[in-house]
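The structure appears right after this line, and notes come after that.
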Amino acid sequence: MSQIASKNIVVTKGDFPAICESNFEILGNGAYFAVVTGANGSGKTTLLKAIAGINPILRGEILVNDVNIVKNPLDIKKCALYVGHG
């Protein structure tokens with residue numbers, strides 16, 4: 001069972017396509033950490049904000065514990081928290 005999965009998500013920042021047709025899956029059962037790495041400007045913060053329901057998803061879906069947060073955006077607040085950097 002996936003804890004977090006994306007299916008063909010598209011996220012924009014203004015007119016710029018920051019994430020295009022992204023698919024990934026994080027598996028787990030219980031407490032775990034996921035590390036998101038990449039170069040500056042590669043979309044790490046944009047992705048995390050999309051998962052947290054802060055950045056709108058233009059197309060596709062994100063499932064967190066089998067709940068589609070694109071269709072049910074308030075449900076993400078029950079199981080996840082985004083703490084940004086300063």
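When restricted to residues that are in contact (Cβ under 8 Å) with a residue 12 or more places away in the chain, in contact with a helix residue (DSSP H, G or I) (Cβ under 8 Å, 6 or more places away or on another chain) and open to solvent by 30 Å² or more (accessible area, probe 1.4 Å), the range 38-54 contains 1.
The condition of being hydrophobic (A, V, I, L, M, F, W, C) and within 14 Å of residue 6 (Cβ to Cβ) holds for only one of 34, 39, that being 34. Among the residues making up the range 3-22, a single one is part of a strand (DSSP E or B), open to solvent by 80 Å² or more (accessible area, probe 1.4 Å) and either touching a Cys at 6+ places or on another chain (Cβ under 7 Å) or of a type in the set (Asp, Glu) (or both): 21. Here residue 66 meets the list (1) open to solvent by less than 70 Å² (accessible area, probe 1.4 Å); (2) in contact (Cβ under 8 Å) with a residue 60 or more places away in the chain; (3) of a type in the set (D, E, K, R) almost entirely, failing just condition (1).
Residue pairs whose Cβ atoms lie under 7 Å apart, separated by 6 or more positions or on different chains, with the first residue in the range 12-29 and on the phi < 0 side of the Ramachandran plot and the second outside any loop (DSSP other than H, G, I, E, B) and open to solvent by 90 Å² or more (accessible area, probe 1.4 Å), are 23/7.
When residue 29 is tested against (1) over 22 Å from residue 65 (Cβ atoms); (2) polar (S, T, N, Q); (3) not in a strand (DSSP E or B), only condition (1) is not met.
The values are calculated or read from the model by the stated rules, or taken from the named source; none is laboratory data. All figures in this text were calculated on a predicted structure; none of them were measured in a lab. FYI the Cβ positions are ideal-geometry reconstructions off the backbone, even for glycines, and counts take in every protein chain you see. Each accessible area value is taken on the protein alone, full model and side chains, heavy atoms only, with ligands, DNA and RNA left out. Shrake-Rupley method; radii C 1.70, N 1.55, O 1.52, S 1.80 Å.
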